[in-house]
Each structure stands twice: as C-alpha cells, then as structure tokens.
Amino acid sequence: TSATTGQPCVALAHPNGGSVEVQLHGATVTSFKTSSGNDVLFLSEKAVFNGAKAIRGGIPLVFPQFGQPDKAMPSHGVARTATWSLSEEEGEPAVEGHVKANFVLGHSEETLAKWPHSFSLRYEVDLGADVLSVTLHVTNPGEEAFDFQALLHTYLTVPEIEGAKVNGFQNVQYIDQLENNESFKDERPQADFTREVDRIYAGEIGDVGVVGGTTVTNSCEKTAPGAAEVCVPVDVVLWNPWIAKAKSLGDFGDEEYHKMVCIEPGIVSKSHSIAPGETFSLKQVITA
Ligand code: TA6
C-alpha cells in the first residue's frame, strides 16, 4: 500500500537509489524519483485517491479514446480508472541494471457495456539509472478489427512554467484544442508558456525536452505474428492549464500550473484500426 495514496501500488527500487511507484488504479505511475531524490513527475497535492477518479498527475493512461467525443465513454477512456493487475508472466527480463514490472488489463463486462470491443493491454514500467521507460501494448485478441486511440498523459515537474522552454516542435503542425481544433504550424525553435496551452502536435517529432530539464523520446510500433514491425507516427500533446483552467479543476491547486507541463505521446490525431492479432506498442523514455 502506498504511503502517498493509501492505495495498492507496486514500488520499483533501483540500486542507484532511484525509485518508481505505480498505483494499481489505472496502472498510474505516480512517482519517478532520481538517484538524487528529485521527483521527475508532477503529482497534484489535491489529487484524489479513491479508486474511482483518474489521478491528477504522474502518467495516466488514455485508451480507447482521447478526450470525450461522446458522453457514452468517460473522458480519456476506461484504462486510467480501471483496476489493473500485476502480470504473473515474466515477459522479457529486465536488461542489466534495470528493474521492471508488467501490468495487465483486459475487457470486462463493465468495459464491454461502454465499448463493445475485446482488448488486452499490457503496460511495461522499466526503471534504469535515472531513466524511466513506459510502454503501453494494445492487442486485439478478438475476431474483429476496431478503431482506437491511445496516449500516455505524462505530467512533468518544472521549476517554474513562466520562463520554461520546450524544444522539439519546430516546424511541426499542431491542432490547437483552444482554437476550434484549427491546424497551425509552429515555427518557433522552442515553445514557451504565457497562457493556457493545449495542442496536439502531429508530424515528424523527434526528442522533446524541457530546456535544462527532462527530455522524452516517444515511439510507437505495430506488430502482428509473422509480420514485419511497422513504425506508427506518434503525436505529442503539450498542455499547461494556466490560471483559469487550473482554478476550474477541483483536484489541482490554483498555483500548481507553475510547477508542471504535460508532454503526452499518443496516437490521437486520428483513430487507428487494429486487426485481430495485432499489437500497437506506444513508448515513452523519460530521461531526467
Ligand atoms: O492534456 C490534454 C487534455 O485533453 C486537456 O484538454 C485537459 O482536458 C487534460 O487533457 C486533462 O484532462 P482530464 O480529463 O484529466 O482533466
């Protein structure tokens, strides 16, 4: 049980003193501490840990859809509020100097009632020396193809958002969720923050990083038994709620927007179809 959340969790301890905590609720990574004790992930002081609400911070998992296109589904899907299980299967062993855990979630009566598709999710959490890799594997175990979206909703800590710079988006098209989802091209070498930012960058995006801070590498592969691996372009959502939105969130402190930025890899700029037997593996490597 987590000292932070009072809920069931899995803790990973690295020989260098680094650590990770994963709540079984939503398989939400709520903490990634480096060997020097810095917490790389932002977790709101007002986050609710009641086993029902999505956790405000860490890395909530978004599946099978981003946002809430129709009210039949909860916002950002079912994965982040479901109770996951620690996987019994070992899976690939951790590489030398890494510790890892696998979590699994499949469809249930409850999810089928909201969304009539069989799915099997496996979430790999791998802690190396001051580097955290998380991979969400989405498999279609059924007989029918279905469309879905997936995203890792990563909240990173920043010392102060005013003055923070994020690079990696120069010359990348983005959909501005605050401007009627119109599309623009970001010409700036670095993104900065002077108001709410809520953008879905879609295109050739390399490493993305907070200047002077955490960098992230994002990737997605599609595999199927007997087929070659296919790279799927990864979108990146950049979000800071700023003043008004921060005030409107009950599980987020009014001033906490100063201390975080979300850099969220996903396949969300369009829906993706997954055929029976296929797996999409969405990965983020977070280097402190
Ligand atoms: O991060 C992108 C976003 O879709 C924002 O629009 C904002 O809604 C955020 O996700 C948080 O969503 P949540 O449902 O967790 O409050």
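The values are calculated or read from the model by the stated rules, or taken from the named source; none is laboratory data. This is a predicted model, so every value here is computed, not measured. In this analysis, Cβ positions are derived from the backbone assuming ideal geometry, glycine residues included, and neighbour counts consider all displayed protein chains. Quick note on the areas: whole protein, heavy atoms, side chains included, nothing else; ligands and nucleic acids left out. Shrake-Rupley method; radii C 1.70, N 1.55, O 1.52, S 1.80 Å.
Just a few scattered comments:
- Separation of the range 1-40 and the range 94-140, taken as the distance between their Cα centroids, equals 16 angstrom.
- Tally of Lys pairs whose C-alpha atoms are under 27 Å apart, taken over the range 180-288, 8 or more apart or cross-chain: 11
- Extension gain from SER120 to GLU96, taking 0.36 nm per residue of separation minus the Cα-Cα distance: 5.8 nm
- Probe 1.4 Å, accessible area per residue of the range 9-287, Å²: 43
- Shown is the FRET efficiency for GLU221 and LYS245, computed with R0 = 35 Å from the Cβ-Cβ distance and rounded to the nearest 0.05: 0.55.
- Simple label model, 7 Å out from Cα along Cβ direction - ARG195 to THR83, nm: 4.5
- Taking packing as the residue-averaged number of other Cβ atoms within 10 angstrom, the listed peptides 89-97, 155-163 run from highest to lowest as 155-163, 89-97.
- Packing-based ranking, highest mean first, of 22-33, 188-199 given that Cβ atoms within 10 Å are counted: 22-33, 188-199
- Computed 3J(HN,Hα) for the range 261-266, one whole-Hz value per residue from the Karplus formula 6.51 cos²θ - 1.76 cosθ + 1.60 where θ = phi - 60°, is 8, 9, 10, 10, x, x, glycine and proline marked x.
- Only helices enter this figure: runs of n ≥ 4 DSSP H residues, each worth -39500 (n - 2.57), summed and divided by the residues of the chain, yield -1000 deg cm²/dmol at 222 nm to the nearest 500.
- Of HIS258, MET73, THR135, farthest towards positive along the dipole that unit charges on Lys, Arg, Asp, Glu beta carbons give the chain: HIS258
- Charged-residue dipole, Cβ positions (Lys, Arg, Asp, Glu), the range 9-287 about Cα centre, Debye nearest 20: 460
- Sorting the segments 280-288, 42-50 by their residues' average number of neighbouring beta-carbon atoms within 10 angstrom, most packed first, yields 280-288, 42-50.
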